[in-house]
1. Mind listing just one residue for me: the one in the stretch 92-104 that is surrounded by 17 or more Cβ atoms within 10 Å (Cβ to Cβ) and at pLDDT 75 or above and, of those, farthest from the chain's Cα centre (by Cα)?
2. State which residue is modelled with the lowest pLDDT when the search covers only the stretch 136-165 and only residues that are more than 17 Å from the chain's Cα centre (by Cα) and under 22 Å from residue 126 (Cα atoms).
3. Looking only at residues that are within 16 Å of the chain's Cα centre (by Cα) and surrounded by fewer than 21 Cβ atoms within 10 Å (Cβ to Cβ) in the stretch 20-63, which one is modelled with the lowest pLDDT?
4. Would you be able to tell me the number of residues in the stretch 87-133 that are closer than 30 Å to residue 26 by Cβ and small (Gly, Ala, Ser)?
5. Which residues, counting only those in the stretch 57-86, are of a type in the set (A, V, I, L, M, F, W, C) and in contact (Cβ under 8 Å) with a residue 40 or more places away in the chain?
6. Can you tell me which residue within the stretch 64-91, out of those that are surrounded by fewer than 20 Cβ atoms within 10 Å (Cβ to Cβ) and farther than 30 Å from residue 280 by Cα, is nearest to the chain's Cα centre (by Cα)?
7. Which number in (1) part of a strand (DSSP E or B); (2) crowded, with 16+ Cβ neighbours inside 10 Å marks the one condition that residue 146 misses?
8. Return yes when residue 212 is on the phi > 0 side of the Ramachandran plot and polar (S, T, N, Q) and no when it is not.
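The values are calculated or read from the model by the stated rules, or taken from the named source; none is laboratory data. These numbers come from a predicted model, not from an experiment. Here the Cβ positions follow ideal geometry from the backbone for every residue, glycine too, while neighbour counts run over all protein chains shown.
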Amino acid sequence: MKKVILLVIITIASLQASKAGFPIGYGRWMLIPGYNYYNAKGYWDSKSAYNAYPNGNFSSHYFSLYGGYGLSRRWNFLFNVPFVVQVDNNTTGTAAAPKTYIAAGLGDATVGLSYFFTDFDALNHVSLTGSLIVPLYSNKGTPFPNIGYQSVGGELKLGFSGSATGGFRNPYYDMEFGVRQYFNDQGPTQIFATITGGIPIDDYYKVSGTLSGVNSFSTAVNPTQNFYNYNKSFNYVRAAFNFGRVINENTSIWAGLYADIYGTSVGRGSGVSLSAVFKF
């Protein structure tokens, strides 16, 4: 069985619940500590057919600190620092000879700037964000799984966000479309999109739904044991539901459920997310 079909994309923090595409405000900070748990008991092969792992599962714990600072009315400084624990529990072993591999450490940090071009009105915004991806780990001497590609990269994304007044207690939306490039001979190049819509139930509780997807391309045919074990050519679509509680105008907490609903050459799993939003 080719290892390429056994691999699971690294779980990323779900920050849409915090309205990440909105301006922070001049001189203000926003900090979002978060946790994501992901578990996959099978995978989609190269023909998008689902297959269960023979004797185990793959899980990931993703802790992150996402933050930003309003440099001006139009410029935001943004960053994200993750800590990742990857657990491959016997997905390639047998019941008679189980094998569990664990990789843990700091992940791919990002740092960047977001610019807000102009407001459609006081409640709707268009932004362009450029970020640098910096790996804070080494895969050298690590078997399977690895934390990531261990490659510097860059990301550029266009965002549309806003809220409406009137019906349904001022619903809001947050959409991002972008491209991510890892700077090595085999890439990968990834095109991604995230669409979020949310509705306040009352002054304290909010719900939102997110649909996201990634299409990844690479010149690499298959990963190898002596290179990074993560498949670089894959695609997936993920759906999420988030529930939020507003503590005050500067603090809120969020919980979410998410699941992979379609994919090719990637693991199929589901998970839960927890985060808190602090503005000051």
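1. 101
2. The selected residue is 165.
3. Checking each candidate, the answer is 59.
4. Adding up the residues that qualify gives 7.
5. Scanning the stretch 57-86 gives 58, 71, 75, 78, 81, 84.
6. By that ranking, first place goes to 85.
7. (1)
8. Answer is no for this residue.
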